[in-house]
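The block underneath contains the structure these notes are about, expressed in structure tokens.
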Amino acid sequence: MDEAFFRMGAVRDSAGRIVDFEYEYCNQAALTVLGRRSDEVLGRWLLELFPSHRANGLFDAYVQVTETGVPLRYEFAFDERGVSGEFEVVVSRTNDGYVLVGHDISDRKRLEREVATLTEQLQTALTTRVVIEQAKGYVARASGTSPEDAFIAIRRYARNRNLKLHGVCEDVVAGGVPELSGRR
């Protein structure tokens, strides 16, 4: 199995409340994710090895699965004691504990963030381009020149005044640059 697989047994206090989970089994993929040998993991308790599970809500989620039997599918970022990345896990109850199957999705999440950034940049570029094209058309019509010559005039106007091209184009479309619109 390429996926990390963990079998965890509930550790209960005298009142029967789950206070931790014990590592009962980990496949090689799981040990690789943990960066540990089996003798460093098996028989140890989850919160002993990774105490942040209590603060980040993972421990409570595992308790919920163990107590209700309702499985959980979850994505989360994790960085503690040499285990670092973004992970996707499926957690299901078994006996008095849970099994967890998961894998590192850091590369996928990085690519998703890159795609979102590129999409935003493309949308901005398209929005900017629409305003530029509108301004070119407006100036070309008002001055009786070609769109190419209108763009040169708009660009020259922006450069001579140390203004951003997009801002000048917005002003042209709004009618706020009479020098370019043929009105004085």
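Structure above, values below:
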item	result
Positive-end residue, the range 61-184 charge dipole about Cα centroid, Cβ charges, pick of L72, T119, G82	T119
Solvent accessible area, Å² - L126, 1.4 Å probe, full protein context	90 Å²
Taking the chain and dividing mean pair separation by its residue count, relative contact order in percent (alpha carbons under 8 Å, at least six apart)	15 percent
List Y138, Y23, ordered by accessible area with a 1.4 Å probe, largest first	Y138, Y23
From the C-alpha gyration tensor of the chain, square roots of 5λ in Å	64, 16, 13
Computed [θ] at 222 nm, helices only, for the chain once each DSSP H run of length n ≥ 4 contributes -39500 (n - 2.57)	-15000 deg cm²/dmol
Whole-Å semi-axes of the ellipsoid equivalent to the range 1-69 (Cα gyration tensor, √5λ, descending)	21, 13, 12
Area of S143 that stays accessible when all protein chains are in place (1.4 Å probe, Å², to 10)	60 Å²
Cβ-based net charge around V19, under 9 Å, with every Lys or Arg adding one and every Asp or Glu removing one	0
Within the accessible area of the range 104-184 (1.4 Å probe), percent carbon and sulfur	54 percent
Surface per residue (accessible, 1.4 Å probe) for the range 67-160, Å²	65 Å²
Debye intensity ratio I(q)/I(0), log10, the range 6-112, q values 0.10, 0.22 Å⁻¹ (C-alpha model)	-0.26, -1.34
Added length on full extension, which subtracts the Cα-Cα distance from 0.36 nm per residue, R12 to V90	25.8 nm
Selection from H166, S92, Y138 lying farthest towards where the dipole of the chain points positive, charges on Cβ	Y138
Positive minus negative residues near R108 (Lys, Arg vs Asp, Glu; Cβ under 11 Å)	-4
Residues listed by number, the range 60-96, amide nitrogen under 11 Å from R44 label point at 7 Å toward C-beta	81-83
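The values are calculated or read from the model by the stated rules, or taken from the named source; none is laboratory data. Since this is a predicted model, take the numbers as computed values, not measurements. Using ideal geometry, Cβ is built from the backbone for each residue, glycine included, and neighbour counts are taken over all protein chains shown. With ligands, DNA and RNA removed, areas are computed over all heavy atoms of the protein, side chains included. Shrake-Rupley method; radii C 1.70, N 1.55, O 1.52, S 1.80 Å.
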